[in-house]
1. Straight-line reach only, C-alpha to C-alpha below 14 angstrom: list the aspartates and glutamates that Lys46 could link to, leaving out same-chain residues fewer than 8 apart.
2. Based on C-alpha coordinates, I'd like the Rg and Dmax of the stretch 41-161, in Å.
3. At a Förster radius of 30 Å, what calculated FRET efficiency corresponds to the Cβ-Cβ distance of Gln112 and Asp34, to the nearest 0.05?
4. What FRET efficiency comes out for the pair Ser159/Arg123, r = Cβ-Cβ distance, R0 = 25 Å, nearest 0.05?
5. Length gain on complete extension for the stretch Lys103 to Asp137, per 0.36 nm per residue less the alpha carbon to alpha carbon distance?
6. In whole angstrom, how far apart do the alpha carbon centroids of the stretch 85-144 and the stretch 64-82 sit?
Amino acid sequence: MVLLHAIRSAELTSHECSRNFLASQLQGTRKTNDVPIARLIGFETKDIADGRATVVLAAGPQHANPMGTLHGGILCDIADAAMGIAFASTLAPDESFTTVELKINFFRPVWQAQLKAEGAVVRRGHTIGYVECTITDEENRLVAKAASTCIALRGPKASGR
């Protein structure tokens, strides 16, 4: 959801904007961190397929919480991005979406690591979708798992998103 809002422009509908973003990612014509939230945090989208997406982040001291470890909100952001892009890749031409719920479990602390967030649509119904994300480090150790419920919007409800 954050990603779709970040890439919107005044001239495009949210669907056109998300489709253009996804198409440019698949064709390799857009810088993968050319989105405000991605630039702010420093993540990049690496892979997008039908119902799947991978986001990577070089986590470091700039992402630390007051205790010195990676702030949990950063893990939520990369999980939300991976799940949102995965869900967006399933949208029909007249659809947009929003996230209605996001849950995350943290399994290990991180100070500095190459993180990979892999989002996958588990169930895509006509209106409701369920998406999961696994976040691992460069040694393939499980750092966190997230889950999200998304709702596909159509017609006037999709307008302005």
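Please treat every number below as a calculation from the coordinates, not as lab data. The shown structure was predicted, so the numbers you read here are calculated from the model rather than taken from an experiment. All Cβ positions, even for glycine, are placed from backbone atoms using ideal geometry, and neighbour counts span all protein chains on display.
1. By straight Cα distance, Lys46 reaches Asp34, Glu118.
2. So, for the stretch 41-161, Rg and Dmax equal 14.9, 46 Å respectively.
3. Working: r = 25 Å, r/R0 = 0.83.
About 0.75, to the nearest 0.05.
4. Details: r = 26 Å, r/R0 = 1.04.
After rounding, the FRET efficiency stands at 0.45.
5. Numbers: separation 34, 0.36 × 34 = 12.24 nm, distance 1.96 nm.
Taking 0.36 nm per residue and subtracting the Cα distance, the gain is 10.3 nm.
6. 14
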